[in-house]
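Derivation of every value follows stated rules applied to the coordinates shown; laboratory data play no part. Everything numeric here is computed off the predicted structure, so don't read it as measured data. Cβ sites come from the backbone with ideal geometry, for glycine too, and all protein chains shown count toward neighbours.
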Amino acid sequence: MLNKKAFTLTELLAVIVIIALIGTITTPIMLNVINTSKENAFKDDAIALNRAAQNYHAASSIASTVKLPLLITFKDKKEENKFLDNTANTCETSNERMLEYSGKNPDSGNIYIDKNGDISIAVYNAETNQCAKKEPNEKNITIENIDQENCVLSINPCDI
């Protein structure tokens, strides 16, 4: 009479094959969920930037320290601001953060707020290879799958 307390080689191979099949099926599904989450997070960040730009313009009617027009430039996730001086026809640079928002800075791009409150956005996310764009006459932000070089504003107030 044999005392059988261990798995046979066949039983172990069957378990390994089943685990491999489950991994093969679930891995692409999980990667798709992760990519979709990153894309949605980028869109939410772009919407937050647009709201922050709207709030910045609204503050200009209350506080005299708010300067308009304003060009915000993102490069390597760092923010740089340029205030347009229309009388001298020059741009003043400031590294001070102007827009108050939650979320991550985009990898690159620009936001332009003019004196009338029209907002233009073209910001890029390298992780998802997407560009969030909004023209002054548009209400909503559109997300496009384009390369970083084509994710630019249609206006060029400071020769960006």
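In the set (1) in contact with a helix residue (DSSP H, G or I) (Cβ under 7 Å, 6 or more places away or on another chain); (2) closer than 16 Å to ASN110 by Cβ, VAL66 fails one condition alone, (2). Within the stretch 113-160, being of a type in the set (S, T, N, Q), surrounded by fewer than 17 Cβ atoms within 10 Å (Cβ to Cβ) and within 16 Å of LYS77 (Cβ to Cβ) holds for ASN129, GLN148. Looking at the structure I just gave you, is ASN145 in contact (Cβ under 8 Å) with a residue 40 or more places away in the chain and either within 25 Å of VAL33 (Cα to Cα) or in contact with a Cys (Cβ under 7 Å, 6 or more places away or on another chain) (or both)? Here the answer is no, as ASN145 does not meet what is asked.
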